[in-house]
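The values are calculated or read from the model by the stated rules, or taken from the named source; none is laboratory data. Values in this document were obtained by computation on a predicted structure and should not be read as measured data. Cβ placement follows ideal geometry from the backbone for every residue including glycine, while neighbour counts extend to all protein chains displayed. For accessibility, only protein heavy atoms count, side chains too; no ligands or nucleic acids. Shrake-Rupley method; radii C 1.70, N 1.55, O 1.52, S 1.80 Å.
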Amino acid sequence: MIKLRKNEQKTLQTLSNINGKAAVDHIMEISGLAHSAIMRAAMNLSELKLIQIHEQTQKIITLNEEGEDYATQGLPERRLIEYIIKSGNSGKPEETAKNTKLKSHQIPIAVGWLHRKGWIKIKTDDGTIGTPTRPREGDDEKLLKLLYRKGGSTLEKLGREMSRVAVNLKRRKLADIEEKTIRTLELTKEGRNLATQLTEGLPQEASQLTPEMIISGKWRTTKLRRFNVVAEGSQTYPGKAHPLQQMVNRTRQIFLRMGFTEIRGPLVETAFWNFDALFQPQDHPAREMQDTFYLSVPEKGGLPSKQIVDAVAKTHENGWITGSKGWGYQWRKEEAQRLVLRTHTTAETIKYLSRHRSPPIKVFSVDRVYRNEQLTYKNTAEFYQIEGIVVDKDVTLQDLMGTLKMFYRRFGLEKVEFWPCYFPYTEPSAQAMVYLPKIKRWIELCGMGMFRPEVLAPMKIDYPVLAWGGGLERLAMIELGLDDIRLLYNNNLNWLRRSPLRL
Ligand code: PHE
């Protein structure tokens, strides 16, 4: 029989335990042998025709620090062209660049690439440019983002076209490409046979001390396997709900435990439920294009019963039976029929109230809403809203404040105050504020109030309605200690893996 050294035996046995074929890195993990030890063993084993060594090279591309910087902030030329477009500045690009946040060494880079990419044209007479149109996202920009998101890739995975772009990123010194040889060891038939004999011939090591071994006294002769109790365990990243989804679930649980029932409605609503039913006049600034996403196809949706629509119309025009003067303008059905991405979930509560009038009512929703807002560290164009209402015979603002204190206490927020403010559909109105000692600031949690008669009368509701609504992301940011809301949406795998399960 062939005599093998210890490491050769171990390599052979490890291989045989994992189906006879594995990459060297994998064998390292399982056997605990060093890379060099396995490779030395592999050479001999392969000479003895007990294994075959397969080699394959891979080109691995990763972003360097500058590349990561550009992946998140945009290429310098992109930042410059955006600035030029926004400011309508058509002067010399070098001059314009000084007004941006670009660092001084980035200015020539930005200007150079503007030319190379043909994003601007210089007028020959005075060296200035006309206002350019916004160029489409280039492959280099796409790849930067992809590499940032995935923490790198192999050229093989990127495919031919993108590999060429990858090489350009390397030339631009934004990425590094390294060749790595992957070696795989595979048992031959002889190797397989030998591994089986080895296993059978070797003294058995026990990894567990059993009651039988103690009773029979066999433990005296059994070789017990040593455990390394200080070895570091490997990191594992088990699947879990997204941190934001965890917050949604938690909010739901809190509402349910407080005796509320969940309601949900469509993301697309008529302006009627989103605005009109809430006594927001048709020329209200919040309805305008910059805040609300209007649908162009289809443009219009259906309205509820004539009775409700007429009552809402009259209330807007002259106050109807509510004692109010209304807004004093000619209400238009067409405006109310327009379809919008709902800007708040209050649209769902009022719709629910139009169909459920008898108290007690306690319902809530945690759902998506949309507003045409600039994406910043604290704003996104789509976000979650928490919304709740309580309807009962003699409820007052005191009850609402008590309910909200209790609600937010369950998120660990203790110092909550209520400051007066304005909403077209509530009176009195307030906003719940929380004091965060860590940043020494008051933060707004939600808007709240009691629905006005102008809202209640058209729905035929004769009882006081307590209502509130606020952002969920705000709570998530406090809870998760974030200072940028975009982290909740940009699928940063690193952060997602590291953020714990917190239910
Ligand atoms: N709908 C309001 C918002 O989106 C919040 C609110 C809800 C205010 C209910 C009062 C009553 O900001």
Would you mind pulling out the separation of the Cα centroids of the stretch 19-62 and the stretch 134-165, in Å?
31
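Hey, what D do you get for the stretch 137-218 in µm²/s if you plug the Kirkwood alpha-carbon radius into Stokes-Einstein at 20 °C and 1.002 mPa s?
In µm²/s, the coefficient is 118.
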Exceeding 32 Å between C-alpha atoms, which entries from my cross-link table qualify? They are K157/K378; K189/K240; K351/K440; K170/K378; K3/K223.
K157/K378; K189/K240; K351/K440; K170/K378
Cα-Cα pairs of the chain separated by more than 44 Å (percent)
45
By what distance, in whole Å, do the Cα atoms of the stretch 25-120 stretch along each of the three principal axes, largest value first?
75, 25, 19
Of all accessible surface on the chain at a 1.4 Å probe, what whole percent is carbon and sulfur?
50
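First measure r as the distance between the Cβ atoms of F293 and F227, then evaluate 1/(1 + (r/R0)^6) with R0 = 60 Å and state the FRET efficiency to the nearest 0.05.
It comes out at approximately 0.50.
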Please work out the FRET efficiency for the pair D310 and A286, using the Cβ-Cβ distance as r and a Förster radius of 30 Å; give the result to the nearest 0.05.
0.80
If you take the Cα Rg of the stretch 234-338 and divide it by 2.2 N^0.38 Å, with N the number of residues, what do you get?
1.55
Solvent-accessible area of H356 with every protein chain in place, 1.4 Å probe, in Å² to the nearest 10:
80
Largest first and to the nearest Å, give the Cα extent of the stretch 407-484 along each principal axis.
45, 22, 19
Which whole DSSP H helices in the chain pass both tests: a Cα extent of 20 Å or more along the axis and a mean Kyte-Doolittle value no lower than -1.0?
243-257
By a straight-distance test (C-alpha under 13 Å), which aspartates and glutamates pair with K393 as possible cross-link partners, with residues fewer than eight away in the same chain excluded?
D462
The answer for trypsin sites (Lys or Arg not before Pro) in the stretch 1-101 that fall in a DSSP coil and have at most 16 neighbouring Cβ atoms within 10 Å is K3, R5, K49, K98, K101
With all protein chains present, calculate the accessible area of S499 using a 1.4 Å probe and round the result to the nearest 10 Å².
10
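Which percent, to the nearest 5, of DSSP beta bridges fully inside the chain are antiparallel?
Once the DSSP bridges in the chain are tallied, antiparallel ones form about 95 percent.
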Enter the accessible area per residue of the stretch 245-498 (Å², integer; probe 1.4 Å; all protein chains in place).
48
How large is the direction-averaged shadow of the alpha-carbon convex hull of the stretch 65-177, in nm²?
7.3
Checking the stretch 362-435 for GluC sites (Glu not before Pro) in a loop per DSSP with at most 13 other beta-carbon atoms within 10 Å yields E414
Normalised per residue, the volume inside the convex hull of the alpha-carbon atoms of the stretch 258-300 in Å³ amounts to 115
Ranking by accessible area, most exposed first, for E299, E444 with a 1.4 Å probe
E299, E444
I need the fraction of alpha carbon pairs in the stretch 245-498 separated by more than 34 Å, rounded to a whole percent.
17
